[in-house]
Amino acid sequence: MKIAVFVKQVPDSAAKVALENGVVSWGDAPLVINPWDEYAVEAALSLTEQHGGEVTAISLGDESAKEALKHALAMGCGHAILISDPALKGIDSAGVARVCAAAVQKLADIDVAVFGKQAIDSDTGLTAAMAARILGWPALTLVASIAQLDPAAKTIRVQRGIEEGRQIVEGKLPAVISIVKDFGEPRYPSFMGIRKASKAEIPSLTLAELGTQAPEAKITWPELISPPKRKVTNEMITGASADEIAANLADKIIAEGVL
Amino acid sequence: MATRHSMGGKIFVYVDHFKGKPLPASWEVVGAARKIAGENGMSVSALVLGQGVERIAQPAFQYGAGEVLLADDASLADYRPEPYAALISKLAKDSQPEAIFFPTSTRGRELAAMAAIDLDTGVIPDVIEIEHEGGKFTATRPIYAGKLLAKVTCSAKPALLTLRVRAFGKPDKDIGRSGDITKVSPALNEDQIATKVVDYAPTEGRVSLGDAAVIVSGGRGLSNNPSLQPPADITDEKQKEIWRAQQGFKMLGELAEVLGAAVGASRAAVDAGYIPYAHQVGQTGKVVSPDLYIACGISGAIQHLAGMRTAKVVVAINKDSDAPIFKLARFGVVGDLYEVIPALTKAFKERLHK
Ligand SMILES: Cc1cc2nc3c(=O)[nH]c(=O)nc-3n(C[C@H](O)[C@H](O)[C@H](O)COP(=O)(O)OP(=O)(O)OC[C@H]3O[C@@H](n4cnc5c(N)ncnc54)[C@H](O)[C@@H]3O)c2cc1C
Ligand SMILES: Nc1ncnc2c1ncn2[C@@H]1O[C@H](COP(=O)(O)O)[C@@H](O)[C@H]1O
């Protein structure tokens, strides 16, 4: 099995994100691998553990994105590629998906392209389905578990997490999958893995080297806004007993008119 | 006004449903589309795709669609993105709408993504506000888990927008309204579709978190009731903790029942095995926007707040008066949730006559 997994570098989920002169700033919070992509790497690795083969982690970004790739290598991915190009600036989701699809084609003979559910910076959650459409492959998104995969027959059966529970779907390989948290906790990088990753030379490709070019962005975000500070009037509810507290609280909640 | 009304143009709305049952969010989207269409002299066409789904047309009209494009076919019986997206794209190519609106559901998001590729346009996902000016849609959406907002525009047509659930309010239903149903055929034959739906496994639980108006949520604090004695056959400490927390979630369930609420949870509660992931609220769980959110034994970590900060009224019950959740809380109780919650359930029962 030949697997590609896409990982993005994002500000840590605990970062205090704010605007500084109209530009996003996350202070001294670290950049980390997108949390959803750790599940994707976990899924990719577990597939090769069961069926053999190798995993290549791919990231689009600047030099700093190599850290996300190193995390993927330390978790156990065999290879990593950075796609870095000044033309990626201002690219939209469809553009990212086109570059991801070009990378899949460049690697050739990929059986499964694995994505995270969503990047926690832009919160778009579109790339996997878009890439599937561009490649013309089945889109098996929001995969909670891979029930069955037959590399010889080139079939895959997954459980998808949807609002109403699970949908069990069968498709043909090659396919695009995106992974949700039910898949299982991602493994921690091993000591050996970290050492190997720290020494790895990660190749960097430009769009021209990928055989593609920057697609024109249809989506632009001309303005970022700090959300209006919510004014909450805090009121602590007290009473002589739990019953009295509860009675006061119930009355107050009912008076808010939200029931 | 008259000149603006002559502008024309259509807004398509994808009416999301599960096995023929429309999501309430679909009507929020129809209502939002109708409002914008009304202000800009456009009309609203609802797309209803499935099998045996003709009955969805009537509420679509009542909530504001002027026309329903209905595809009723065995190949659409189960939702699959490929045949659904192909048909949406084909219909859009035929009628050149100005925009296609989807609810931000698992289906809406991926259909928008795929149609955007077919139609060489872009998607603005998870929108909370829409403006239409100079023939262009500009939408506001939260980014960085709601820590910032972005105004986003789409330069191509149609603009594809997914609307955040509960951000636009439920529209009024006008039972006098009706419209034309246009039947359309699928874009793909069964043998052109590379996926098959084998089965479903529904989740337990009464109300779905995403569109719940009231949520009662529990965290790690739910396991903290040393006086609860687990049955003798549970000897492992971890299992005892899980058992205690599960009694706690039962207690929360009773409060939820009285309030007609859904049950949420923190990641700590989910990761510890107290309750399934489907209940997780937060950055790596569900983003919810209820009218009332009651947080019990939840400290209020930034990743949890990311999932519920737009709740209208937050109530926090926590032993620790310094817990960050209190900063967001309209009402707070510093106390043991094992004492407060049963009393609160009783108080609501008396007041709501249940
Ligand atoms: C990448 C990433 C993503 C994350 N995503 C999410 C997410 O989606 N959702 C999420 O919730 N978290 C998420 N987290 C985890 C988050 O950082 C916190 O660890 C988590 O929210 C803590 O859950 P908690 O409040 O239940 O537990 P704790 O922080 O341990 O808080 C328990 C609270 O219970 C109170 N308590 C204890 N006993 C009682 C009692 N008897 N009565 C009353 N109060 C009591 C305590 O005072 C305490 O405040 C994420 C973290 C990371 C790194
Ligand atoms: N710059 C990027 N580099 C690598 N993978 C990405 C990038 N952006 C998005 N992805 C992948 O696409 C998924 C969904 O991202 P998004 O659609 O941006 O929310 C992520 O979880 C990643 O797997």
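Checking every residue in the stretch A:106-113 against the condition of being open to solvent by less than 40 Å² (accessible area, probe 1.4 Å), away from every other protein chain (no Cβ under 11 Å) and within 30 Å of B:Arg141 (Cα to Cα) gives at least one match.
Condition check: out of contact with any helix residue (DSSP H, G or I) (no Cβ under 9 Å at 6 or more places or on another chain), away from ligand 2 (no atom under 13 Å from the Cβ) and either farther than 21 Å from A:Ala128 by Cβ or open to solvent by less than 10 Å² (accessible area, probe 1.4 Å) (or both). Does A:Glu67 satisfy that? So A:Glu67 fails the test.
Where strands (runs of 3 or more DSSP E) fall entirely within the stretch B:1-100, those with at least 1 residues that are aliphatic (A, V, I, L, M) and farther than 30 Å from B:Glu190 by Cβ are at B:10-14, B:43-50. Which of the residues that make up the stretch A:91-148 are in a strand (DSSP E or B), without any contact (Cβ under 8 Å) to a residue 60 or more places away in the chain and more than 13 Å from ligand 2 (Cβ to nearest atom)? Of everything in the stretch A:91-148, those that are in a strand (DSSP E or B), without any contact (Cβ under 8 Å) to a residue 60 or more places away in the chain and more than 13 Å from ligand 2 (Cβ to nearest atom) turn out to be A:Leu140, A:Ala144, A:Ser145, A:Ala147, A:Gln148. The numbered conditions (1) farther than 26 Å from B:Asp191 by Cα; (2) modelled with pLDDT of 95 or more; (3) within 8 Å of chain B (Cβ to nearest Cβ) are all true for A:Arg133 except (1).
Could we say that A:Ala44 is open to solvent by less than 10 Å² (accessible area, probe 1.4 Å), closer than 15 Å to A:Pro186 by Cα and away from chain B (no Cβ under 14 Å) here? Spelling it out, A:Ala44 is indeed open to solvent by less than 10 Å² (accessible area, probe 1.4 Å), closer than 15 Å to A:Pro186 by Cα and away from chain B (no Cβ under 14 Å).
Scanning the stretch B:270-295 for residues that are over 24 Å from A:Gly184 (Cα atoms) and either within 12 Å of chain A (Cβ to nearest Cβ) or open to solvent by 10 Å² or more (accessible area, probe 1.4 Å) (or both) yields B:Ser289, B:Pro290, B:Asp291, B:Leu292, B:Tyr293, B:Ile294. Looking only at the stretch B:298-336, filter to residues that are among the basic types (Lys, Arg) and over 22 Å from A:Asp243 (Cβ atoms); which one of those is surrounded by the most Cβ atoms within 10 Å (Cβ to Cβ)? So the residue we want is B:Arg309.
The criterion of being under 17 Å from the mean Cα position of the chain (by Cα) and open to solvent by 20 Å² or more (accessible area, probe 1.4 Å) does not hold for A:Glu170. Highlighted here are the strands (runs of 3 or more DSSP E) found entirely within the stretch A:154-259 that include at least 2 residues which are at the interface with chain B (Cβ under 7 Å from one of its Cβ atoms): A:155-162, A:165-172, A:219-225.
Looking for something at pLDDT below 95, touching a strand residue (DSSP E or B) at 6+ places or on another chain (Cβ under 9 Å) and of a type in the set (S, T, N, Q) - is there at least one such residue anywhere in the stretch B:195-208? Taking every residue of the stretch B:195-208 in turn, at least one turns out to be at pLDDT below 95, touching a strand residue (DSSP E or B) at 6+ places or on another chain (Cβ under 9 Å) and of a type in the set (S, T, N, Q). Could you run through the stretch A:243-256 and say how many residues are open to solvent by 30 Å² or more (accessible area, probe 1.4 Å) and not acidic (Asp, Glu)? The qualifying residues number 4. B:Asp120 meets all of the listed conditions (1) in contact (Cβ under 8 Å) with a residue 24 or more places away in the chain; (2) surrounded by fewer than 19 Cβ atoms within 10 Å (Cβ to Cβ); (3) in a strand (DSSP E or B) but one, namely (3). In the stretch A:42-49, the count of residues that are in contact with a Lys or Arg (Cβ under 9 Å, 6 or more places away or on another chain) and farther than 21 Å from A:Val180 by Cα is zero. Among all residues of the stretch A:169-185, there is at least one that is in contact (Cβ under 8 Å) with a residue 60 or more places away in the chain and of a type in the set (D, E, K, R). Selection within the stretch A:9-30: residues that are away from ligand 2 (no atom under 12 Å from the Cβ) and part of a strand (DSSP E or B). The member of this set that is nearest to the chain's Cα centre (by Cα) is A:Pro11. Could you please find all residues in the stretch B:323-354 being aliphatic (A, V, I, L, M) and facing chain A (nearest Cβ under 7 Å)? Of everything in the stretch B:323-354, those that are aliphatic (A, V, I, L, M) and facing chain A (nearest Cβ under 7 Å) turn out to be B:Leu328, B:Ala329, B:Val333, B:Val334, B:Val340, B:Ala343, B:Leu344, B:Ala347.
Within the option set A:Lys16, A:Lys117, being within 14 Å of chain B (Cβ to nearest Cβ), within 16 Å of ligand 1 (Cβ to nearest atom) and surrounded by fewer than 20 Cβ atoms within 10 Å (Cβ to Cβ) holds for one residue only, A:Lys16.
The sole residue among B:Glu237, B:Glu190 that is touching a residue at least 60 places away in the same chain (Cβ under 8 Å) and either open to solvent by 60 Å² or more (accessible area, probe 1.4 Å) or within 16 Å of ligand 2 (Cβ to nearest atom) (or both) is B:Glu190. If the condition is being open to solvent by 20 Å² or more (accessible area, probe 1.4 Å), more than 8 Å from every other protein chain (Cβ to nearest Cβ) and without any contact (Cβ under 8 Å) to a residue 24 or more places away in the chain, then the stretch B:137-171 contributes only B:Thr138.
The set of residues in the stretch A:149-167 that are without any contact (Cβ under 8 Å) to a residue 12 or more places away in the chain and open to solvent by less than 10 Å² (accessible area, probe 1.4 Å) comprises A:Gly165, A:Gln167.
If you go through the stretch A:46-82 and pick out every residue that is within 16 Å of ligand 1 (Cβ to nearest atom) and free of Cβ contacts under 8 Å to residues at least 60 places away in the same chain, you end up with 1.
Among the residues in the stretch B:216-238, are any within 14 Å of another protein chain (Cβ to nearest Cβ), closer than 20 Å to A:Ile253 by Cβ and modelled with pLDDT of 95 or more? Scanning the stretch B:216-238, I find at least one residue that is within 14 Å of another protein chain (Cβ to nearest Cβ), closer than 20 Å to A:Ile253 by Cβ and modelled with pLDDT of 95 or more, so the answer is yes. Right, B:Ala57: surrounded by 24 or more Cβ atoms within 10 Å (Cβ to Cβ) and either within 20 Å of the chain's Cα centre (by Cα) or of a type in the set (A, V, I, L, M) (or both) or not? For B:Ala57, the condition - surrounded by 24 or more Cβ atoms within 10 Å (Cβ to Cβ) and either within 20 Å of the chain's Cα centre (by Cα) or of a type in the set (A, V, I, L, M) (or both) - is not met.
The values are calculated or read from the model by the stated rules, or taken from the named source; none is laboratory data. Please read these numbers as outputs of a predicted model, since none were measured by experiment. Every residue, glycine as well, gets a Cβ built from its backbone with ideal geometry; the counts of neighbours run over all protein chains shown. Heavy atoms of the whole protein, side chains included, go into the accessibility calculation; ligands, DNA and RNA do not. Shrake-Rupley method; radii C 1.70, N 1.55, O 1.52, S 1.80 Å.
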